[in-house]
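The values are calculated or read from the model by the stated rules, or taken from the named source; none is laboratory data. Everything quoted here is computed from the prediction, not taken from an experiment. Note that each Cβ is placed from the backbone with ideal geometry, even for glycine, and that neighbours are counted across all protein chains shown. Protein only, heavy atoms only, side chains kept; ligands, DNA and RNA dropped before computing areas. Shrake-Rupley method; radii C 1.70, N 1.55, O 1.52, S 1.80 Å.
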Amino acid sequence: MNPFALLANAAIGRPVAFQTSGYNAATNGRRMLNVASSTRGVSSLALSDGPMLTGRARKAVMDNPLAAIAVTGFISEVIGTGIRPHFRHSALAKRRKLEQEFGLWAVQSSAARRIGADGKPDSLQDFWGQQQLVCRNVVEAGESFARFRYRLAPDLSPTGLRVPLQIDLIEPEQLAFWRMSGEMAQPTNLIRAGIEFNQIHERVAYHFYREHPGDSSIWPNSFEVVRVPSGDVLHVMEYIRGNQIRGITALAPVLVQMADLDDFTDATRYRQ
């Protein structure tokens, strides 16, 4: 407003309507001066902060009873005793056959196996337990990976598999965050955070450590990176923004508060 008009309005006692910059949350006054902001993309946040967030979320679930109960409760609500398929084949006999075969496969779905008392390999987890593990990783680490392991015909008879397919669960720490390149499988492909994209931004492969990098003392070849075609991999995560390529733990907003609460509880207990 014109300064002379302001003086004139003040002289005659007329109220003045001052213009603001728009939203109060966008101002830099006393109340908002110390409020942080961020314009970074979600993928940039996941690449720079993801490993630290995942590590702290894992530690919180290990030590903090509130975090452990929250994760367990979430799994119970989402998975329960297992998400079961409902076959809709029009023929009743074939529908029942599908249900029977799926039930036989579900107990041997895991690629993590042992040699049983009869000398035959047997899965250490069933399909329902794998669902719980996937859900746990999505909550704790923001994402989870499952690799399809197709079995050959000679593998079926000694294992008792009815379907030549098993599922190998891969923790998100096994996808190499540091792998960024444009000259791997093909010169035109780009690799971002261990995921390989073609020219039209389709996922064509994932670059995993052969074993969990935290188990390097157990598996000497844990730091070897292998390329797995994207058609053999399921990437399970909760999308919070459109262009997201890696997951972010759901515990990220409460990690600071849980750490403060732990410190307060410890100090109170020591004082008593």
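A few notes on this one:
- C-alpha long axis of helix 3-12 to longest principal axis of the chain, angle in °: 60 degrees
- Normalised per residue, the accessible area of region 172-239 is 57 Å², obtained with a 1.4 Å probe and no contribution from ligands, DNA or RNA.
- Solvent-accessible area assigned to carbon and sulfur over region 41-158 amounts to 60 percent, based on a 1.4 Å probe.
- Cross-link partners for Lys120 among the aspartates and glutamates, with Cα-Cα distance under 13 Å and sequence neighbours closer than 8 places in the same chain left out: Asp155.
- Inter-part distance where region 122-167 and region 227-259 are each reduced to a Cα centre, Å: 20 Å
- Think of region 95-215 as having a plus end and a minus end, set by charges on the Cβ of Lys, Arg, Asp and Glu; of Leu165, Gln131, Ser144, Leu165 sits farthest toward the positive end of this dipole.
- Over the chain, dividing the summed -39,500 (n - 2.57) contributions of all DSSP H runs of at least 4 residues by the number of residues returns a 222 nm mean residue ellipticity of -12000 deg cm²/dmol.
- Within the accessible surface of region 169-251, defined with a 1.4 Å probe on protein heavy atoms only, the carbon and sulfur portion equals 52 percent.
- Cβ charges +1 (Lys, Arg) and -1 (Asp, Glu), total dipole of the chain, debye: 740 debye
- Dipole of the chain, positive end: most advanced residue of Thr268, Val78, Ala93 [Cβ charges, Cα centre]: Ala93
- Take 146-153, 131-138 and order them by the average number of nearby Cβ atoms within 10 Å per residue, most first; the result is 131-138, 146-153.
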